[in-house]
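A.B. asks: This structure is in structure tokens; I'll ask about it shortly.
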Amino acid sequence: MKLQPTEGSVPTYIKYSGSLTRVFKEHCSKFHINQQEQGLFAPHNYYRESLLMNDLSPLVWARSCLVSRHSATIKTFTTLKQGSLGENLLFTEQQIERSKYQFYLVSQWDTDLVKLLKNELLYARLSYFNWDGQSLSLFELFLPEAHRILNQQKVLTKLYQSV
């Protein structure tokens, strides 16, 4: 995967700062989260990779990295399994600060994993969360099915109100 930073025009939905899980649950009939991988890569550094799905269609591939010594946070993060990172950790804490997004155009994606049409662009975003001496980075790759769902007028109207 090759990432090209973009400051230019990105779809409105990619600027949304709320819970994507909440949006997908509202607009997808068979939304679920598949945890792909999870582990510890250095002391106090945990990672998780997951796919947000609508039935068998992948919506968003996400990789989160947590740096924490706080046992309750670590337990929540490492026991998420198919649960939502946002609903169980990030949007439950009042003091969490989210950085400004960094946006990317994605190329050289493995087409065996995602079937792309010639004119489809993939976008990704990276953000950082900080609270109580803890930090978490979150990289989200928006796949074509997410674009189709989030680009619907009824979804865009709701997202515009919060961007």
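The values are calculated or read from the model by the stated rules, or taken from the named source; none is laboratory data. Everything numeric here is computed off the predicted structure, so don't read it as measured data. For neighbour counting, all protein chains shown are included, and Cβ atoms are generated from backbone atoms with ideal geometry for every residue, glycine included.
A.B. asks: Would you please name the residue that is surrounded by the most Cβ atoms within 10 Å (Cβ to Cβ), looking only at residues in the range 30-79 that are part of a strand (DSSP E or B) and of a type in the set (Asp, Glu)? Explain how you work it out, then say what you get.
C.D. replies: First, pick out the residues of the range 30-79 that are part of a strand (DSSP E or B): 31-42, 45-54, 57-67.
Then keep just the ones that are of a type in the set (Asp, Glu); that gives 37, 49.
On the way: Glu37: 9, Glu49: 16.
Here the residue is Glu49.
A.B. asks: Does Glu87 satisfy the condition of being in contact with a Ser or Thr (Cβ under 6 Å, 6 or more places away or on another chain), modelled with pLDDT under 90 and outside any strand (DSSP E or B)? First the steps, then the outcome.
C.D. replies: Working: in contact with a Ser or Thr (Cβ under 6 Å, 6 or more places away or on another chain): yes; modelled with pLDDT under 90: yes; outside any strand (DSSP E or B): yes.
The answer is yes for Glu87.
A.B. asks: Pairs under 7 Å by beta carbon, first residue within 19 Å of Arg63 (Cβ to Cβ) in the range 1-12, partner assigned to a loop (DSSP other than H, G, I, E, B) and of a type in the set (Phe, Trp, Tyr), six or more apart or different chains?
C.D. replies: Met1/Trp109
A.B. asks: Tell me which residues, restricted to the range 1-35, are among the aromatic types (Phe, Trp, Tyr) and over 15 Å from the mean Cα position of the chain (by Cα). Outline the logic, then answer.
C.D. replies: Residues of the range 1-35 that are among the aromatic types (Phe, Trp, Tyr), as a first pass: 13, 16, 24, 31.
Correct list: empty.
A.B. asks: Further, regarding this structure: With the checklist (1) at pLDDT 90 or above; (2) over 21 Å from His27 (Cβ atoms); (3) touching a Phe, Trp or Tyr at 6+ places or on another chain (Cβ under 9 Å) in hand, flag the one item Leu143 doesn't pass.
C.D. replies: (2)
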